[in-house]
Structures are given as C-alpha cells and as structure tokens.
Amino acid sequence: MSPPRLTALVVVHNEEKRLQSCLDKLHFADELVVVLDKCTDGTKEIALSFGARLIEGAWEREGDRRNTGIAACTSEWVLEVDADEHVPPALAEEIRRVIATSAFAWHEILVDNFIGTRLVRHGWGASYGKAAYPGLFRKEAKTWGLDRVHPSLTWRGRKGPMLENRLLHYVDKNISDMIRRLDSYSTARAKDLRERGETWGSGASNVRRMVSRFFKCYVRRGGWKEGGYGLVIAVCAALYPMLSHLKARYEKE
C-alpha cells in the first residue's frame, strides 16, 4: 500500500519576511496549500515559487480562514503551521512515520518558542503562547470555531500520543513585540465579547483570573526559570482577560 498523503497548510497575512524560511522546511509534504488573507506584499509570489496551491480571500475571523484552508487540502492528513514556525528534519521524519501507522485522528506537537534568538521553554499558556498544539490531524477531524482570537476546536475521532520532536516557533522579536501582541490579542477578544454582550462581567472574577493566570504561568509552568522573559509572559497572560473586558466596555471598535 502507498503511504498516506500529507498536506502542509499555512495561513498568512503579509508574511513576505518570514514565509520563505517556513516553506523551506516543508518539502517533505506531498502538497502545500497557502491561504492568503488580504495580502498586499510579496507573500503570493513567494508561495508560488514553492509550487503552493493558493487560496485567496479576506476573512475577519481566524476560524473561517483556517477552515477554508483545511477544506482546500486534498490529502488524508494535514499539518497546520504558521509562517513564524519551522519544522526541523527530525520532526518531519517523525510526522511521516506517525501518519504511516497511526490509528488516531489527531496528534499534538510540542513547541519550542523563541523570543529573538533566545529559547524560552517555560511559562507559556493561559491564552498567551503555546507549549504544544494539535497541528497534525486527519482532514475531517478538526473544525475551528468562529472567535477572532484563540477560537475553540471541535474534534472528531480519538486523540493520539503527542509527538516527541518539537516545532520551532519564532513567536516574538523582543519584549516590545510581546506587548504589541498582547494589545492585538486583547483588541480582537474585545470585539468577540461585545458581540456576545459580555462587556464587563464580574470585576472580582477578572481580578481572580489575573492572579490565577500569573500563578499558573510563573509558578506552575516554570516561568520563573526564564528570568525576565518568564515574568513578562506571566504578566501578559494575567492582563489579557482584564484588558479584553475593559476594551469591550470602553472602546467602540
């Protein structure tokens, strides 16, 4: 029997500076699908140079554009990565081995996050960074929800073992980049909250969440091991829900 086919799916918006490095690491896939969301730079030309099949459009919500990309894949298995993520050779080999024998519908992949050139392995989570993600799945297994940021996932089929090798995620350039990401995430989250009429909620609940999120990232997930970077991660994770609710209440757009 021939081995299962694999599609690498990349969803991008104006990623001409990072896309080539990402696509360079995806030659092991049988098909490459790139979703171009409102791209106005040279992203399209870079994707075409790799022989990618392009899906072009304009989507307001993350889940919509990702579901469109999944629907466009023609392989049994899909590997979903972002332009700031690289698949090293060891992970590529493991992915091919797993899909050849897996009886499961989806698998999580461990992530090594970099701030600039610094590997920061501890403290991520609470909606501000990922230590692992469900990036390898059968096409029919995964459906994204409709929120603008951190949409929920619906799964069909059983979860398999986590992969051993790690994806490389160049998440932020520096601390200023981390703070800009917090501003962007909380603005998008505020729009979702306004649409649902959740413009404030309980102030006491938001304060409790700030404390619990900080503790989770800085203490339970070992952010303290990363020095100042771990502290910034924990502070951003703690501020995210409070800022989102404040923006939902006091900002109109």
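Just so it is clear, none of the values below were taken in a lab; they were calculated from the coordinates. Values in this document were obtained by computation on a predicted structure and should not be read as measured data. Because the Cβ atoms are built from the backbone with ideal geometry, glycine has one as well, and the counts that use them run over all protein chains shown.
Worth pointing out:
- Fewest-first sequence of Trp59, Trp155 by Cβ atoms within 10 Å of each Cβ: Trp155, Trp59
- Evaluating 6.51 cos²θ - 1.76 cosθ + 1.60 at θ = phi - 60° for every residue in the range 32-47, the Karplus couplings come out as 10, 10, 10, 9, 9, 9, 6, 7, 10, 9, x, 4, 4, 5, 5, 4 Hz, glycine and proline recorded as x.
- Normalised by the number of residues in the range 6-172, the average gap of Cα pairs under 8 Å and 6 or more apart makes the relative contact order 26 percent.
- Cα point-scatterer Debye curve for the range 175-250, base-10 log of I(q)/I(0) at q = 0.11, 0.13, 0.20 Å⁻¹: -0.29, -0.40, -0.83
- Three-way shape label, the range 55-149, alpha-carbon gyration tensor, a/c 1.5: oblate
- Helical content alone sets the calculated 222 nm signal of the chain at -11500 deg cm²/dmol, taking -39,500 (n - 2.57) per DSSP H segment of four or more residues and averaging over every residue.
- For the range 9-97, alpha-carbon Rg relative to the globular expectation (2.2 N^0.38 Å, N residues): 1.02
- Once the Cα-Cα distance is subtracted from the 0.36 nm per residue extended length, the Thr143 to Arg53 segment shows a gain of 30.3 nm.
- Of the beta bridges in the chain, as assigned by DSSP with both residues counted there, near 40 percent are antiparallel.
- Share of alpha-carbon pairs per 5 Å distance bin for the range 96-196, given as whole %: 2, 11, 17, 18, 18, 16, 11, 5, 1, 0
- Under the convention that each Lys and Arg Cβ holds +1 and each Asp and Glu Cβ holds -1, the size of the dipole of the chain around its Cα centre is about 1040 debye.
- Of the labelled figures (i) 24.3, 78; (ii) 18.0, 52; (iii) 18.6, 60, only one reflects Rg and Dmax of the Cα atoms in Å as derived from the coordinates, namely (iii).
- When the charge dipole of the chain is built from unit charges on Cβ atoms (+1 for Lys and Arg, -1 for Asp and Glu) and taken about the Cα centre, the candidate among Asn174, Ser186, Ala71 whose Cα reaches farthest toward its positive end is Ser186.
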